[in-house]
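Data first, discussion second: the structure below is written as structure tokens.
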Amino acid sequence: MAEIQLYRSKVIPDWCPGCGDFGVLNGIQKAIASLDIKPKDVLIVSGIGCSSNLPHYVNTYGFHSIHGRSIPVATGAKLANKDLSVIAVGGDGDGYGIGLGHLVHAMRRNLNLTYIVMNNGVYGLTTGQASPTADLDLPTKSTPTGVIENAINPMPLAIVSGATFVGRAFSGDTNHMSELVANGITHNGFSMIDVFSPCVTYNKINTYDWYRNKVYKLEDDYDPTNLESAIKKSYEYEDHIPTGLIYKADKPTYEEQDSVLSQAALIKQDAIKLNDQSLDEFR
């Protein structure tokens with residue numbers, strides 16, 4: 001196991017004191033360190049939002065993209081270099097709102113990526129509007145009398161869309177989260193990890209104590225390979241919210257099924273030289 005300091009950049013996080021994203025950052029750094037992956041072999045891609053500043057704080061390759069577009073950028077990087085450990089990160093608004101279309105198609109393709117969503121029920125960067133995961137009746141800047149729309153539940157959505165590793169964690173328990181993230185990184189396929197990461201500034205309902213009173217770790221005898229049980233478990237939310245690995249399946253990845261990508265990383269393959277004759281069929 002590598003020293004965690006190896007994965008800490010010189011940039012000091014500027015999140016609000018007490019932000020749940022500090023725990024997520026620590027958990028990701030612990031996970032990478034436990035796997036002893038060299039910083040040069042890791043790419044962290046983010047979108048836009050408070051949580052999307054995370055790549056700046058980790059001593060690996062990083063790409064801070066635009067709102068809702070972390071998955072397309074991460075996909076391109078992984079398809080170009082399948083030997084790279086690619087982790088996409090972002091918030092619930094970035095992933096389940098602006099970027100949901102990209103997410104669904106990445107999951108159905110079973111790309112070999114890890115996606116970590118910091119879920120707090122609000123758009124924190126723009127001062128606290130309701131996000132797609134905001135609970136009913138939650139008062140926010142955009143819903144002063146309470147949210148009236150049903151929240152997106154990312155867990156069953158991920159399972160039925162084709163993700164082959166679906167888990168949930170709480171940023172208040174970084175050791176448990178880091179183990180789940182490490183397993184997600186080593187999983188061969190699309191790993192979707194939703195992390196409850198409290199916004200201490202704009203969400204006064206879903207606090208650390210609120211989550212501590214509701215979350216529980218899945219039992220040791222729980223079988224995540226049972227699809228029916230996993231879907232049922234993924235719907236638990238009100239008073240008891242499961243954390244840990246909810247679903248896992250062993251299926252071929254997109255890269256393994258593609259005739260070109262399966263040979264070697266694209267960056268290690270000879271470039272195709274085009275000439276007039278090879279272009280004739282496209283004219």
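The values are calculated or read from the model by the stated rules, or taken from the named source; none is laboratory data. Keep in mind that this is a model prediction, so the values were computed, not measured. In this analysis, Cβ positions are derived from the backbone assuming ideal geometry, glycine residues included, and neighbour counts consider all displayed protein chains.
Okay, here's what the table says:
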item: Selection count, the stretch 129-171, where residues are closer than 29 Å to residue 17 by Cβ and in a helix (DSSP H, G or I); result: 1
item: The stretch 1-21 residues that are under 22 Å from residue 43 (Cβ atoms), paired with ones that are among the acidic types (Asp, Glu) and part of a loop (DSSP other than H, G, I, E, B) (beta carbon under 7 Å, 6 or more apart); result: 1/36; 2/36
item: Residue list for the stretch 92-128, filter: farther than 25 Å from residue 261 by Cα and either in a helix (DSSP H, G or I) or aliphatic (A, V, I, L, M) (or both); result: 92, 93, 94, 95, 96, 97, 98, 100, 117, 118, 122, 125
item: Residue 146, sole failed condition from (1) in contact (Cβ under 8 Å) with a residue 12 or more places away in the chain; (2) in contact with an Asp or Glu (Cβ under 7 Å, 6 or more places away or on another chain); (3) surrounded by fewer than 19 Cβ atoms within 10 Å (Cβ to Cβ); result: (1)
item: Test: residue in the stretch 206-221 that is touching a Phe, Trp or Tyr at 6+ places or on another chain (Cβ under 8 Å), in contact (Cβ under 8 Å) with a residue 60 or more places away in the chain, of a type in the set (A, V, I, L, M) and surrounded by 12 or more Cβ atoms within 10 Å (Cβ to Cβ); result: no
item: Lone qualifier among 89, 117 - being touching an Asp or Glu at 6+ places or on another chain (Cβ under 6 Å), among the aliphatic types (A, V, I, L, M), closer than 16 Å to residue 191 by Cα and modelled with pLDDT of 95 or more; result: 117
item: Flag for residue 255 being in a loop (DSSP other than H, G, I, E, B) and out of contact with any Cys (no Cβ under 6 Å at 6 or more places or on another chain); result: no
item: Among residues of the stretch 50-65, those that are farther than 17 Å from residue 78 by Cα, of a type in the set (A, V, I, L, M, F, W, C) and in contact with a Pro (Cβ under 9 Å, 6 or more places away or on another chain), counted; result: 2
item: Checklist (1) in contact (Cβ under 8 Å) with a residue 60 or more places away in the chain; (2) touching an Asp or Glu at 6+ places or on another chain (Cβ under 6 Å); (3) not hydroxyl-bearing (Ser, Thr, Tyr) applied to residue 68, failing item; result: (1)
item: Hits in the stretch 1-18 - residues which are under 24 Å from residue 170 (Cβ atoms) and touching a strand residue (DSSP E or B) at 6+ places or on another chain (Cβ under 9 Å); result: 7, 8
item: Test result for residue 197, touching a Gly at 6+ places or on another chain (Cβ under 6 Å), crowded, with 24+ Cβ neighbours inside 10 Å and among the polar types (S, T, N, Q); result: yes
item: Failed item in (1) surrounded by fewer than 21 Cβ atoms within 10 Å (Cβ to Cβ); (2) touching a residue at least 60 places away in the same chain (Cβ under 8 Å); (3) in contact with a strand residue (DSSP E or B) (Cβ under 7 Å, 6 or more places away or on another chain); (4) not small (Gly, Ala, Ser), with residue 79 passing the rest; result: (3)
item: Checking residue 89 against (1) touching a strand residue (DSSP E or B) at 6+ places or on another chain (Cβ under 7 Å); (2) surrounded by fewer than 23 Cβ atoms within 10 Å (Cβ to Cβ); (3) of a type in the set (A, V, I, L, M, F, W, C); (4) not in a loop (DSSP other than H, G, I, E, B), the condition it does not meet; result: (2)
item: Of residues in the stretch 19-47 being out of contact with any strand residue (DSSP E or B) (no Cβ under 8 Å at 6 or more places or on another chain) and among the basic types (Lys, Arg), the one surrounded by the most Cβ atoms within 10 Å (Cβ to Cβ); result: 30
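Per-residue answers, yes or no, for (1) out of contact with any Lys or Arg (no Cβ under 8 Å at 6 or more places or on another chain); (2) among the polar types (S, T, N, Q); (3) not in a loop (DSSP other than H, G, I, E, B):
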residue: 5; (1), (2), (3): yes, yes, yes
residue: 11; (1), (2), (3): yes, no, no
residue: 15; (1), (2), (3): yes, no, no
residue: 19; (1), (2), (3): yes, no, no
residue: 22; (1), (2), (3): yes, no, yes
residue: 26; (1), (2), (3): yes, yes, yes
residue: 29; (1), (2), (3): no, yes, yes
residue: 33; (1), (2), (3): yes, no, yes
residue: 45; (1), (2), (3): yes, no, yes
